[in-house]
Amino acid sequence: MTPPSPSSTGPRELVELTGHVLDSGLFTLVLDDVRALGGDYEVVRFDVGKDKDDTSTVRLAVTAPDARTLDSVVMRLHTHGANLVEVEPARLTVVERDGVFPVDFYATTNLPTHVRVGEAWYPVENPEMDCGIVVVRDPRDGQVTSVRTVPVSDVVAGTQVVCGAVGVRVTLPPTRGDDGGFTFMQSEVSSEKPQALVVQQIADQMREVRAAGGRVLWVLGPAVVHTGAAPAMAALVRDGWVDVMFGGNAIATHDVEQSMYGTSLGVDLSAGRGVEHGHEHHLRAINAVRAAGSLAAAVEQGVVRSGIMHALVSQGKQFVLVGSVRDDGPLPDVHTDVLQGQRAMRAALTDVGFCIVVATMLHGVATGNVLPGHIPLVCVDINPATVTKLSDRGSAQARGVVTDVGLFCAALARELTGAEA
């Protein structure tokens, strides 16, 4: 039986969505997005699961005024796990200029993605949002060697890029329920949950990731130092719970300031009050590290004797610091070219299985932008808007804990290391 045609005229595609589409609200999101982008739809099939663990399947006939609008609609629906029913090979277009995609390039999500080239489906390496997809071939025989994401700034002329939504499929990662830990993550922001339980669940997830050979990524803002959490973070580093750290000039600067002067932003952290000439301390700390040549050299020379950066250097852990226009100095280890900084962050994501963002909206969003959607991301901040911002920017896996970051880091250090920080 031929499904009924939608009332709208124009190009048409059948898309299908399978999962817990009703209780999750996905069905409503899909319909809203179709209309918001200028398309129309008709439900041609709806198989509703009977029990709570059963999935449902929805098939929609989607139309739009023109092919480009229809492509935009289908690409948006991919973010919800909706895919085309009839799939042809992806359309590939050769890039004509460095740093410029074809006008109708496929804009990626951070969800697991496959692309059909010829008769074969290829997984997209390093799924990342807001990129294009390039198909790399062996120059000797033309065989596909890889399919991967690339940011527009890094695409080069002569590269084959996927255009349009045909031949692309995305998959929503499975959700973790009561049997998989992280039950607090069933809500985007956890503000009134028992904090001890939340800390325990995060610790359990970190243990699980480490046992599986994965790495834990921390993204830190300077409030980690301001709130007195640096000793707890250093203990976590020394005990092997921090494999790579992302941050800016400020987190490293104030951590070094605390090591050298016992202050952060000129405030004595042991007494909780400003000290005379304390406003100079962060500049003198930066100058001392610049004189040493690097953070590693400053640790080796005894300029920096404690703190997070000391622990990272001493334990041989990886860190990526990316600066901004506001930075003083900056420290010699800071990437001042943001594109270079993004590349360094991407390169550091190998084998990362868990990410925790503490007290930094800007670096948290930057990390969410390059992080594959299957990697759990927890954001800890006193401000619930921070994790909401991450979700709104497309990091659907982001979940949040609203609490004082100093107390959180100390509690997590006690849970994982037994240290009283």
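Miscellaneous remarks
- Out of A36, A64, sole residue that is without any contact (Cβ under 8 Å) to a residue 12 or more places away in the chain, over 22 Å from N369 (Cα atoms) and touching a Lys or Arg at 6+ places or on another chain (Cβ under 9 Å): A36
- Residues of the stretch 29-68 that turn out to be of a type in the set (K, R) and either touching a helix residue (DSSP H, G or I) at 6+ places or on another chain (Cβ under 6 Å) or within 18 Å of E13 (Cβ to Cβ) (or both), as a count: 4
- Restricted to the stretch 50-64, and to residues there that are at pLDDT 90 or above and either over 18 Å from D23 (Cα atoms) or not hydroxyl-bearing (S, T, Y) (or both), the residue that is surrounded by the most Cβ atoms within 10 Å (Cβ to Cβ) is L60.
- Filter result for D328 (surrounded by fewer than 21 Cβ atoms within 10 Å (Cβ to Cβ), in contact (Cβ under 8 Å) with a residue 40 or more places away in the chain and under 23 Å from D239 (Cα atoms)): no
- When the residues of the stretch 67-101 are filtered to those that are closer than 15 Å to V152 by Cβ and not basic (K, R), the one that is most open to solvent (accessible area, probe 1.4 Å) is E96.
- Qualifying residue in the stretch 343-362 (condition: over 16 Å from Q205 (Cβ atoms), without any contact (Cβ under 8 Å) to a residue 24 or more places away in the chain, open to solvent by 60 Å² or more (accessible area, probe 1.4 Å) and touching a strand residue (DSSP E or B) at 6+ places or on another chain (Cβ under 7 Å)): no
- For the stretch 15-27, the criterion of a residue being touching a Phe, Trp or Tyr at 6+ places or on another chain (Cβ under 8 Å), modelled with pLDDT under 90, in a loop (DSSP other than H, G, I, E, B) and over 17 Å from C163 (Cα atoms) is satisfied by at least one position.
- Every condition in (1) buried (at least 19 other Cβ atoms within 10 Å of the Cβ); (2) in contact with a strand residue (DSSP E or B) (Cβ under 8 Å, 6 or more places away or on another chain); (3) under 29 Å from T63 (Cβ atoms) is met by D104 except one, and the failing one is (1).
- Helices (runs of 4 or more DSSP H) contained entirely in the stretch 272-322, each with at least 2 residues that are open to solvent by 60 Å² or more (accessible area, probe 1.4 Å): 281-292
- Screening the stretch 235-261 for residues that are assigned to a loop (DSSP other than H, G, I, E, B) and either among the charged types (D, E, K, R) or modelled with pLDDT under 95 (or both) and picking the one that is most open to solvent (accessible area, probe 1.4 Å) gives D239.
The values are calculated or read from the model by the stated rules, or taken from the named source; none is laboratory data. As the structure is a prediction and not an experimental result, all values here were calculated from the model. Ideal geometry is used to build each Cβ from the backbone, glycine not excepted, and the neighbour counts take in all protein chains shown. Just so you know, the surface numbers come from the protein's heavy atoms only, side chains and all, with ligands and any DNA or RNA stripped out. Shrake-Rupley method; radii C 1.70, N 1.55, O 1.52, S 1.80 Å.
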